Amino acid sequence: MKRSFAIVGLGRFGGSICRTLVESGQEVLAIDNNEDRVNEYMNIATHAVVANAQDEMTLRSLGIRNFDYVIVAIGEDIQASILVTLMVKEMGVPTVLAKAQNEYHARVLEKIGADRVVHPERDMGNRIAHNLVSRNILDYLELSDEYSLAEIVVTNRKFYGKTIQELDFRQRFDLNIVAIRRVGKKEPIVTPTADEVVLQDDHLVVIGKDVSIDYLDEKMNG
Ligand code: ATP
């Protein structure tokens with residue numbers, strides 16, 4: 001489905017979102033007050049304009065309110081990021097995603113109505129740290145303070161060749177397996193049924209409490 005996106009701020013974060021969205025066939029309006037940045041994206045974005053997004057009239061004349069998604073990718077100028085987020089939300093944009101520079105900034109963005117707040121450095125640091133401390137955890141995505149999604153590799157022989165039911169997975173670990181990635185298989189097994197057999201080196205994509213993920217991680221070590 002084709003949706004319309006407007007990106008405010010063409011730093012590394014906004015720029016990379018812009019490229020990926022265009023590559024996946026989406027329509028993207030790219031806005032930055034720095035002319036050099038806009039020139040860089042002139043041939044990439046569907047439209048690229050030099051504009052100060054803090055100016056309400058400018059946002060209105062660009063027709064921001066008609067976009068399905070607005071991504072506020074301004075980092076350093078926290079005041080600008082907050083003001084732009086507030087204005088686009090007030091104009092009625094259905095989904096506004098904003099990049100936060102720190103925890104305080106993130107909380108303000110959430111309070112003023114950002115639908116999604118991302119903190120790329122913190123989130124990526126978190127993912128990498130989990131991967132570094134455990135050889136079983138390949139990826140980790142925080143969903144809230146308490147819940148996460150993790151990809152765990154099956155390295156304990158007690159799991160090999162058993163069905164999810166035989167492992168009594170949900171009862172024992174209080175986790176849901178949302179997908180299994182299998183070596184040599186291009187497509188993952190999505191929402192596996194209880195009779196799915198778990199094999200050595202399978203990657204289990206699980207969702208649940210952090211404590212439960214840690215427990216499963218421990219059990220993988222024997
Ligand atoms: P990244 O880490 O993604 O490279 P950053 O955290 O360094 O980004 P900034 O460089 O502060 O973020 O901002 C990203 C872009 O947003 C810059 O290109 C900047 O010119 C643009 N920008 C900042 N304020 C405004 C504004 N009011 N209107 C339009 N663009 C803006």
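The values are calculated or read from the model by the stated rules, or taken from the named source; none is laboratory data. Fair warning: this is a prediction, and the values are worked out from it, not measured in the lab. When we count neighbours, we look across all protein chains shown, and the Cβ atoms used for this are built from the backbone with ideal geometry, even at glycine. Side chains are part of the model used for accessible areas, which takes the heavy atoms of the whole protein and leaves out ligands, DNA and RNA. Shrake-Rupley method; radii C 1.70, N 1.55, O 1.52, S 1.80 Å.
Can you give the extra length, in nm with one decimal, that the chain gains between GLN200 and ARG182 once fully stretched, where that is 0.36 nm per residue apart less the Cα-Cα distance?
Full extension of this stretch gives 5.6 nm more.
If you put +1 on each Lys and Arg Cβ and -1 on each Asp and Glu Cβ, how big is the dipole of region 123-220 around its Cα centre, in Debye rounded to 20?
460
Report the extension gain between ARG172 and VAL211 in nm, rounded to one decimal, defined as 0.36 nm multiplied by the number of residues separating them, less their alpha carbon distance.
Going from the current span to full extension adds 12.8 nm.
Can you tell me which of TYR104, TYR140, TYR69 moves the most in a GNM of the chain? Springs connect C-alpha atoms under 10 Å apart.
TYR104
Going 7 Å from the Cα of ILE78 toward and past its Cβ, which residues in region 88-107 have a backbone nitrogen under 13 Å from where you end up?
Inside the label zone: 100-107.
Taking the Cα atoms only, what angle lies between the long axis of helix 120-133 and the longest principal axis of the chain, rounded to 10 degrees?
Taking Cα atoms only, the helix is inclined about 20 degrees.
Note down the accessible area of LEU138, probe 1.4 Å, to the nearest 10 Å².
Rounded to the nearest 10, the figure is 60 Å².
Between HIS119 and residues 5 or more places away or on another chain, which pairs have amide H atoms under 5 Å apart, with H built 1.01 Å from N, and which residues are they?
Placed amide hydrogens put ALA100 under 5 Å from HIS119.
Given the -39500 (n - 2.57) contribution per DSSP H run of 4+ residues, what per-residue ellipticity at 222 nm results for the chain, rounded to the nearest 500 deg cm²/dmol? Don't skip to the answer; put the middle values down first.
Details: 8 runs with 77 residues, N = 222.
So the helix-based figure for the chain works out to -10000 deg cm²/dmol.
Divide the volume of the convex hull of the Cα atoms of the chain by its number of residues and quote the answer in cubic angstrom per residue.
Taking the convex hull of the Cα positions in the chain, it is 146 Å³ per residue.
What share of the DSSP beta bridges in the chain is antiparallel, in percent to the nearest 5?
Values: 22 of 42 bridges.
Antiparallel bridges: around 50 percent, rounded to the nearest 5.
Report the Stokes-Einstein translational diffusion coefficient (µm² s⁻¹, integer) for region 180-222, Rh taken as the Kirkwood radius over Cα pairs, at 20 °C with viscosity 1.002 mPa s. If you can, show how the numbers build up before the last one.
Values: Rh = 11.7 Å.
So the translational diffusion coefficient is about 183 µm²/s.
As I understand it, the value is the acute angle between the Cα axis of helix 78-90 and the longest principal axis of the Cα atoms of the chain; what does it come to in degrees, rounded to 10?
Roughly 90 degrees between the two axes.
Largest first, what is the accessible-area ranking of ASP195, ASP168 with a 1.4 Å probe?
Values: ASP195 105, ASP168 75 Å².
Highest to lowest solvent-accessible surface, that is ASP195, ASP168.
Let's test the formula: R0 of 30 Å, r as the Cβ-Cβ distance of ASN34 and GLU103. What FRET efficiency results, to the nearest 0.05?
0.65
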